[in-house]
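Working notes, beginning with the structure itself.
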Amino acid sequence: MKPTTSLGPDNIPNVLLKKCANALSVPLAHIFDTSFKDNTLPYCWKTANVQPVFKKGCTNDPSNYRPISLTSTCCRAMERIVNNHLLNYLLENQLITRHQHGFMRKKSTCTNLLECLHDWSVNIQSRNCTNVVYFDFKKAFDSVSHPKLLIKLKAYGLTGNLLAWITDFLSNRSQCVKLGNSLSQPISVMSGVPQGSVIGPTLFLLFVNDVIDIFDNLAVSFKLYADDIKLYSCYNKLYKCHCTVDVIKHYFANRVVNVWNSLPDTVVTAPSLLSFRHQLAKFDLSSFCVNF
């Protein structure tokens, strides 16, 4: 854990656990063991303080602020232990698609871009155009359905105390908005994976992991970074991208996730401008935004 001094609902900063690790390790281990065996979490572990951080645009528009959740420090310490064992199980059994680069060990935005760049360079060297479609999902982490997520966790083989502990972790959660020294009244959180938590991103990856199944019969390549999806194919297979866009919209509509903030952006790469114009004339790209 990073030795930060920010306070969550339990008013315990990370730096305290760091500096008092020798004295706190035994009592915390007892609390963690009891919580896991009883499949329950203390109430303060299931609350979060949300701090709005300005992104851009008009300061009077709430949508221009990014909500940053501060959760219980002790809970995050236990989550890290549970999450490490969960990731080991998922990776050893190859349950998470290799195309996922978000929140995965030894993967990042860099590995995502390198794999895409290799494929696109091969297409350019073969004198082919490449069509790339980017998806931006709206509030994807906050739209996860808890019942559907738990069904998927069972399908991936999670049972016993682990599944029961995660079930309680997701249930009866609440959050408050903190602005300066003021704190709003708590409100119940009925959906979504807790942002600011340690295990939340892994649960989200499992929720969207089966999106790869819709690409089985489509001649397109794809890369994932958490909730961001990138599709690409040779330009003579552009119609496959059109089909895939419709399939993805249907997939997430059935999972209570808003599909995107705006229409997906499309980027077309070509070995030359003349080749680009020649290929572009063959297809109807009225539904896409094409960037030169």
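The values are calculated or read from the model by the stated rules, or taken from the named source; none is laboratory data. This one's a predicted model, so the numbers in the text were calculated from it and none came from an experiment. Positions of Cβ are backbone-derived with ideal geometry, glycine not excepted, and every protein chain shown enters the neighbour counts. The accessibility values were calculated without ligands, DNA or RNA, using every heavy atom of the protein model including side chains. Shrake-Rupley method; radii C 1.70, N 1.55, O 1.52, S 1.80 Å.
Given the options LEU86, LEU91, LEU95, name the one that is in contact (Cβ under 8 Å) with a residue 12 or more places away in the chain and not in a helix (DSSP H, G or I).
LEU95
Yes/no matrix, rows are residues, columns are (1) over 19 Å from ASP168 (Cβ atoms); (2) open to solvent by 60 Å² or more (accessible area, probe 1.4 Å):
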position	(1), (2)
LEU24	yes, no
PHE32	no, no
PRO42	no, no
ARG66	yes, yes
LEU90	yes, no
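Give all pairs with beta carbons closer than 7 Å in which a residue from the stretch 25-51 that is touching a residue at least 24 places away in the same chain (Cβ under 8 Å) meets a residue that is acidic (Asp, Glu); count only pairs at least 6 apart in sequence or on separate chains.
Cβ pairs passing all conditions: ASN39/ASP168; THR40/ASP168; LEU41/ASP168; CYS44/ASP10.
Collect the residues in the stretch 122-139 that are open to solvent by 70 Å² or more (accessible area, probe 1.4 Å) and under 20 Å from the mean Cα position of the chain (by Cα), keeping them in residue-number order.
Scanning the stretch 122-139 gives TYR134, ASP136, LYS138, LYS139.
Could you grab me the full set of residues in the stretch 185-208 that are open to solvent by 40 Å² or more (accessible area, probe 1.4 Å), among the polar types (S, T, N, Q) and touching a residue at least 40 places away in the same chain (Cβ under 8 Å)?
Correct list: SER191, GLN195.
For the stretch 117-170, which residues satisfy the criterion of being assigned to a helix (DSSP H, G or I), over 19 Å from TYR89 (Cα atoms) and β-branched (Val, Ile, Thr)?
VAL122, ILE124
Suppose we filter ASP142, ASP119 for residues that are open to solvent by 60 Å² or more (accessible area, probe 1.4 Å) and in contact (Cβ under 8 Å) with a residue 40 or more places away in the chain; which single one remains?
ASP142
Checking VAL53 against (1) open to solvent by 50 Å² or more (accessible area, probe 1.4 Å); (2) over 27 Å from MET190 (Cβ atoms), which single condition isn't satisfied?
(2)
Looking at the stretch 209-225, which of its residues are part of a helix (DSSP H, G or I), among the aliphatic types (A, V, I, L, M) and open to solvent by 10 Å² or more (accessible area, probe 1.4 Å)?
If the condition is that a residue be part of a helix (DSSP H, G or I), among the aliphatic types (A, V, I, L, M) and open to solvent by 10 Å² or more (accessible area, probe 1.4 Å), then ILE212, ILE214 are the ones that fit.
Does at least one position in the stretch 2-16 carry a residue that is assigned to a helix (DSSP H, G or I) and of a type in the set (D, E, K, R)?
Looking for residues that are assigned to a helix (DSSP H, G or I) and of a type in the set (D, E, K, R), one finds none in the stretch 2-16, hence no.
So which residues in the stretch 96-112 are among the aliphatic types (A, V, I, L, M) and either loosely packed, with under 15 Cβ neighbours inside 10 Å or touching a helix residue (DSSP H, G or I) at 6+ places or on another chain (Cβ under 7 Å) (or both), if there are any at all?
Passing the criteria: only ILE96.
From the residues in the stretch 158-172 that are open to solvent by 20 Å² or more (accessible area, probe 1.4 Å) and touching a residue at least 24 places away in the same chain (Cβ under 8 Å), which one is farthest from PHE141 (Cα to Cα)?
ASN161
Tally up the residues in the stretch 98-116 that are closer than 18 Å to ASP227 by Cβ and either assigned to a loop (DSSP other than H, G, I, E, B) or touching a Gly at 6+ places or on another chain (Cβ under 9 Å) (or both), please.
So the count comes out to 10.
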